[in-house]
Amino acid sequence: MGRRCVVWNCRNSKSYYKQPLSCPVHSFPHDLEFRGLWIQLTVPENFGHNIKNYGVCQLHFQDDDYTNESKLRLVKHALPSKLLNKAVNMLQSNNASLMHENPCVQGK
């Protein structure tokens, strides 16, 4: 079983079964203070699940948050900052769905 992205309405996941829509999902940091920042930025209120099984996918980080172009390793104090409020904004504008295409799939 893989990790899923914790950001509200993000359906990206890292699967150990190499599904075509897999996307790198970064674990929460071990540093408790820094982990708290990630949780404040990403975890929805009343989440109710163990965050051990969740992380934050590549979609929510800037390009300069990575150590190289492969986007597999984050720099030491990278914070998720992209598309964190997109779901709320889209719901308020009455759009029916969110994130139709997975931008983590190569070639799209």
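The values are calculated or read from the model by the stated rules, or taken from the named source; none is laboratory data. Everything numeric in this text was worked out from a predicted model, so none of it was measured. Note: ideal-geometry Cβ built from the backbone for every residue, glycine included; neighbour counts use all protein chains shown.
Here are the numbers for this structure:
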{"item": "Single match in E101, E33, E69 (criterion: at pLDDT 80 or above, of a type in the set (D, E, K, R) and assigned to a loop (DSSP other than H, G, I, E, B))", "result": "E69"}
{"item": "Hits in region 41-67 - residues which are closer than 13 Å to F28 by Cβ and among the aromatic types (F, W, Y)", "result": "F47, Y54"}
{"item": "Filter pass, K76 being at pLDDT 80 or above, surrounded by 10 or more Cβ atoms within 10 Å (Cβ to Cβ), in a loop (DSSP other than H, G, I, E, B) and of a type in the set (K, R)", "result": "no"}
{"item": "In region 79-96, the residues that are of a type outside the set (A, V, I, L, M), within 19 Å of V6 (Cα to Cα) and at pLDDT below 85", "result": "N85, K86, N89"}
